Amino acid sequence: MYTFPDRKGRSLTLRPEGTASVARAYVEHNLQAGPRPLKTYYIGPMFRYERPQAGRYRQHQQIGAELIGASGPGADFEMVTLLVDLFTSAGLTGLRVLLNSVGDAACRPNFTAALRDYLHGHLEQLTEDMKRQLEMNPLRILDSKDPRAKALVEGMPDIRDHLCDACREHHRTVRTLLEEAGVAVEEAPRLVRGLDYYTRTVFEVQHGGLGAQSALGGGGRYDRLIEEVGGPSVPAVGFSTGVERTLLALESEGVALPAEDSPEVAIVVAGGDRERRAALLLARRLRRRFRTEVDLLGRGLGRQMKGANKLGARLVVLVGEGELESGHWTVKTMESGEQASVADAELETRLTAMVGGGEDS
Ligand code: HAM
């Protein structure tokens, strides 16, 4: 946790993640009365007081999604595929999808007991960290990456041998659905993830280009969290992704991100003061609908055209004496070089059609 005293000596902690906040918001604002299941997302900075290294920072940015109010495996399926599809649509390949079940209140205690028994039999091999976890949350020891504990971890009991029938069936259905959707999942019986609220499904998407911090995103089911923060008993499942790690992965694959901020329209002025004023007014008008640029440096026509090209503008609207006299704008499509004369009253409609898709911006 990133904790520090403020000026009055009060202890403050910056949020390490978003799921608990969503659970509290659900309770505080009675979101149970709204649509079911509730689908929600968040984007924002999270803080963890960790030793910084490549892909691990004290402040990172997460995109998270939570689906609240559905207990069946279909909800888990939707969240895993949404996470995978997010990465795939960004252009990533080389993803590994790890899946496990950590059981529920009925079967996890059996597994925890078996794990404790095993670890008590190997106390001399435990690191200091592991000894602490042994009493608090022995499950965490399962995915220990400590090389000194490798042999020990390999010999640990397998959670799959301890799941109750309901959890085993839930897990099997999630996995089958994913396979039917063509998502190659790997069973990861050691995957427990670092947060304590999970029940049943946990999953993680990893990428080879990231080195030690290989998790691009992850999540799982947390059927008891909302009740634990004072709300009703409502099941939920969700994930979050690290934006910086996603960018690192994209970079390692050489995927160029689209320059979405390039202007749709560049206004180019040919003339004097009157035309420049008209161009500024036209830019203000078009900005309601289009990403628009206009020359502010008093450049000549040729330099303005070069500038529009460099910015990647899709369309150029020419503002010259002839246009002002006739009330028709000259619109040039940069890619094809085609020109059209467009009546003032039709300008927005025609530009919308010409930029394609007609998206407002
Ligand atoms: P998490 O696995 O702790 O899950 O974090 C999600 C993602 O945030 C990680 O996969 C990683 O990409 C990124 N991340 C975490 N810590 C750092 C860091 N120090 N530096 C850079 N990136 C980092 C959660 O936070 C859960 N709330 C996910 C969830 C949502 N479970 C259910 N719903």
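Of note:
- Under the Karplus curve 6.51 cos²θ - 1.76 cosθ + 1.60, θ = phi - 60°, whole-Hz ³J(HN,Hα) for the range 23-39, x wherever Gly or Pro sits: 4, 5, 4, 4, 6, 4, 9, 6, 5, 4, 6, x, x, 10, x, 8, 10
- A viscosity of 0.692 mPa s and a temperature of 37 °C, combined with the Kirkwood radius over Cα pairs in Stokes-Einstein, give a translational diffusion coefficient for the chain of 134 µm²/s.
- A probe of 1.4 angstrom, applied to the heavy atoms of all protein chains, finds Arg168 with accessible area near 100 square angstrom.
- For the range 41-118, the equivalent ellipsoid built from the Cα gyration tensor has semi-axes of 28, 22, 15 Å, listed from largest to smallest.
- For the chain, built as a Gaussian network whose Cα springs stay under 10 Å, the top-fluctuating residue of Val268, Val153, Val202: Val268
- The string of couplings for the range 81-92 from the Karplus curve (6.51, -1.76, 1.60, θ = phi - 60°) is 5, 4, 5, 5, 5, 4, 5, 5, 6, 6, x, 7 Hz, one whole number per residue in order, with x for Gly and Pro.
- Summed over the residues of the range 265-354 and divided among them, the accessible surface reaches 58 Å² per residue at a probe radius of 1.4 Å.
- For the range 265-354, fraction of C-alpha pairs farther apart than 17 Å, in %: 41
- Measuring from each cysteine beta-carbon in the chain, the ones with no other cysteine beta-carbon under 4.7 angstrom are Cys167.
- Net dipole in debye of the chain [+1 Lys, Arg Cβ; -1 Asp, Glu Cβ; about Cα centre; nearest 20]: 1120
- Ordering Met354, Gly307, Val268 by the projection of their Cα atoms onto the charge dipole of the range 265-354, which places +1 on the Cβ of Lys and Arg and -1 on the Cβ of Asp and Glu, puts Gly307 at the extreme positive end.
- Extents of the range 1-74, taken as max minus min of Cα coordinates on every principal axis and listed largest first, are 41, 34, 17 Å.
- For the range 207-308: rounded, prolate or oblate by the Cα gyration tensor [a/c cutoff 1.5]: oblate
- Solvent-accessible area, 1.4 Å probe, carbon plus sulfur percent, for the range 265-354: 49
- Between Ala151, Ala20, Ala90, the GNM of the chain built on Cα springs shorter than 10 angstrom shows Ala151 fluctuating the most.
- Normalised per residue, the accessible area of the range 1-127 is 55 Å², obtained with a 1.4 Å probe and no contribution from ligands, DNA or RNA.
- Average accessible surface for the range 144-212: 51 Å² per residue, computed with a 1.4 Å probe over protein heavy atoms with every protein chain in place.
- 3J(HN,Hα) couplings calculated from phi for the range 252-257 with the Karplus curve 6.51 cos²θ - 1.76 cosθ + 1.60 (θ = phi - 60°) are, in sequence order, 5, 8, x, 7, 8, 7 Hz; Gly and Pro show x.
- Across the options Leu286, Val331, Gly320, the greatest Cα extent toward the positive end of the charge dipole of the range 265-354 (unit charges at beta carbon of Lys, Arg, Asp, Glu) belongs to Leu286.
- Taking amide H atoms as placed 1.01 Å from N in the peptide plane, the amide H of Tyr49 lies under 5 Å from those of Tyr2, each 5 or more residues away in sequence or on another chain.
- The Stokes-Einstein estimate for the range 217-274, based on a Kirkwood radius over Cα pairs and taken at 25 °C with 0.890 mPa s viscosity, is a diffusion coefficient of 147 µm²/s.
- Rule-of-thumb Rg ratio for the range 248-309 [Cα; 2.2 N^0.38 Å; N residues]: 1.48
- Here the range 1-124 has 55 percent of its accessible surface on carbon and sulfur atoms, given a 1.4 Å probe and all protein chains in place.
- Amide H partners (placed H, <5 Å) of Gln61, local residues excluded: Met46, Val243, Glu244
The values are calculated or read from the model by the stated rules, or taken from the named source; none is laboratory data. The model shown is predicted, which means the values in this text are computed figures rather than measured ones. Quick reminder, even Gly has a Cβ in these numbers, built from the backbone with ideal geometry, and neighbours come from all protein chains shown. Protein only, heavy atoms only, side chains kept; ligands, DNA and RNA dropped before computing areas. Shrake-Rupley method; radii C 1.70, N 1.55, O 1.52, S 1.80 Å.
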